[in-house]
Amino acid sequence: MEQFLLQLPKRLAQEVRAAIANGDNSKVEMIAGADNKHFSFVVNGKQYSAKIAHLPTILETHKTYDDNFLYKSGEIGQIFIVTDKEDEKKQLEEIEELQNGITPPNTNVVKRKYEKTKWNKPFPKTEVARVEEDLVRMLQSGPYEEVQEELVDFCDWMVDEDHPNGITVTDELELIRQHPEYLELTAESPAKQPKLDRSGRGNDYSAVNTPIATDIGSEVESHGGQESAQRSPAFAPTPSPGMSPTDADAEEKEVDDLENDLLDGMDEKPTSPQVNKKSYLEDPAYLQLVTARDRLQKAVRDADRDVNDFAAKMNTNSNFVVKNRFKQMMETSQKQRDEAAAELEKVQSQMRDMENS
């Protein structure tokens, strides 16, 4: 059931209340016009001009049977405005929506609140096209992958003979980043390193109690009531307790001399004329070229991947508009790839000149 509000002048309001109180509703009548906006309000046989207008807010109506519980019966969004003066008819024609509500808090509510709302300007066409391309790319591509790159400060341990152009620090090398001394590894075998340390200790080292150290297990032996942690032998057996210290020293010395003779030729690297790499590896200009080369190589790889992706999407898409956009994006990526490749060739040429100088 539709519900409306009725706004009447005071004199007409008293007549309507009296007619309703007497139960004579036939004296009150509302006649609709052709446009359903203008009405004729009839009271006691007299007609008055009326018009329907919109309320600034929606009202709820309730009813009760025991003055305790309220039940919602409807909503009101329009009001009938009736006038009995000729000068108010012109003002009534201009009213489409009331500026005030029916309660004091809603006085001039349209200007105080609703007109302050800022309407967003239309989005520019270039921005709409860019967002549309991003949406098409996200729909056509696979799962989204986020790549985060981090620039670290250059340190001396990042460049050595095995990596003249520097190493690439990744998440797996976080330990090396915190402890760069781990990169300073020795090329000597683990079996020979203890012997080199042992040879410089003189007569303080006990050859009887400590065998040759290897990576195979460990055991604790007791000689003369003293315990010491030892490595299991790999090259020479542990001397028998029945042997004298002098014989054991002589036998182990012969074994050490034999092993040293065999390993001397393996430890020494053949001498060959080498270019002094430190001259350009320590040059800041060369290090900048190395950084630029890595950046350009990555740019070329990314551009190649984008060109291949756009070409595949352009061939598989049947939409003419989307296909043209993929074609433009592919041409742009190809142009960026050519520029990066040309700049990369210049950087590599400068690096070769510095290395050969």
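Summary table below
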{"item": "Criterion violated by Q78 - all others in (1) more than 18 Å from M30 (Cβ to Cβ); (2) surrounded by 13 or more Cβ atoms within 10 Å (Cβ to Cβ) satisfied", "result": "(1)"}
{"item": "Boolean, V300 is surrounded by 14 or more Cβ atoms within 10 Å (Cβ to Cβ), over 27 Å from the mean Cα position of the chain (by Cα) and touching a residue at least 24 places away in the same chain (Cβ under 8 Å)", "result": "no"}
{"item": "Top-ranked residue of segment 156-168 - restricted to ones that are under 19 Å from R293 (Cβ atoms) and out of contact with any Asp or Glu (no Cβ under 9 Å at 6 or more places or on another chain), ranked as surrounded by the most Cβ atoms within 10 Å (Cβ to Cβ)", "result": "M158"}
{"item": "Residues that are modelled with pLDDT under 85, aliphatic (A, V, I, L, M) and surrounded by fewer than 16 Cβ atoms within 10 Å (Cβ to Cβ), drawn from segment 22-57", "result": "A34"}
{"item": "Test: V136 is surrounded by 10 or more Cβ atoms within 10 Å (Cβ to Cβ), at pLDDT 85 or above and either outside any loop (DSSP other than H, G, I, E, B) or in contact with a His (Cβ under 9 Å, 6 or more places away or on another chain) (or both)", "result": "yes"}
{"item": "Total residues in segment 79-118, condition in contact with a strand residue (DSSP E or B) (Cβ under 8 Å, 6 or more places away or on another chain), farther than 24 Å from K46 by Cα and not small (G, A, S)", "result": "10"}
{"item": "Residue match in segment 105-114 (condition: modelled with pLDDT of 85 or more, within 18 Å of E60 (Cβ to Cβ) and exposed (fewer than 14 other Cβ atoms within 10 Å of the Cβ))", "result": "yes"}
{"item": "Residue pairs meeting the criteria (Cβ under 9 Å; at least 6 apart or on separate chains; first closer than 30 Å to F326 by Cβ, in segment 140-158; second assigned to a loop (DSSP other than H, G, I, E, B))", "result": "Q140/N317"}
{"item": "Those strands (runs of 3 or more DSSP E) lying entirely in segment 1-95 with at least 1 residues among the β-branched types (V, I, T)", "result": "28-32, 38-43, 46-63, 71-83"}
{"item": "Condition broken by S333, with the remaining ones in (1) over 30 Å from S141 (Cβ atoms); (2) surrounded by 12 or more Cβ atoms within 10 Å (Cβ to Cβ); (3) hydroxyl-bearing (S, T, Y) satisfied", "result": "(1)"}
{"item": "Segment 303-329, subset surrounded by fewer than 17 Cβ atoms within 10 Å (Cβ to Cβ) and of a type in the set (K, R), residue nearest to R352 (Cα to Cα)", "result": "R305"}
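The values are calculated or read from the model by the stated rules, or taken from the named source; none is laboratory data. None of these values were measured; they are calculated from a predicted model. In this analysis, Cβ positions are derived from the backbone assuming ideal geometry, glycine residues included, and neighbour counts consider all displayed protein chains.
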